[in-house]
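Taking it in order: structure first as structure tokens, then the write-up.
Bear in mind that the values in this text are calculations on the coordinates, not laboratory data. A quick note: this is a predicted structure, and the numbers were derived from the prediction, not measured. Neighbour counts run over all protein chains shown; Cβ positions are idealised from the backbone, glycine included.
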Amino acid sequence: MILCICKAVSEREIDAAVRAGAKTVAAIGERCSGAGTDCGMCQEAIEERLESSCSSCPRLRDCRPAAAALASAAP
Ligand code: FES
């Protein structure tokens, strides 16, 4: 099923990017043909997929703040 209509990116592609290490919506956009970077309507759905994939990870508490800091420091 297509999750980002603007960029025609599927849930499957988003999930694959998450499994490959994407931790933020911006990282998903970089890995998935710009998903979430056009109208932005899909960003909440992308965040939900990030959250659900990380919810069982024992490193969640350390990982998410570090990923956010890296994303904000990127040029
Ligand atoms: S639906 Fe994803 S950016 Fe518009």
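Quick notes
- Packing-based order for 45-53, 24-32, using average beta carbon neighbours within 10 Å, highest first: 24-32, 45-53
- Exposure proxy for Met1, Met41: other Cβ atoms within 10 Å of each Cβ, ordered fewest to most, give Met1, Met41.
- Length gained when the stretch Ala20-Ser72 is fully extended (0.36 nm per residue, less Cα-Cα span): 16.7 nm
- In this structure the amide hydrogen of Val9, modeled in the peptide plane, comes within under 5 Å of the amide hydrogens of Leu3, Cys4, none closer than 5 places in sequence on its chain.
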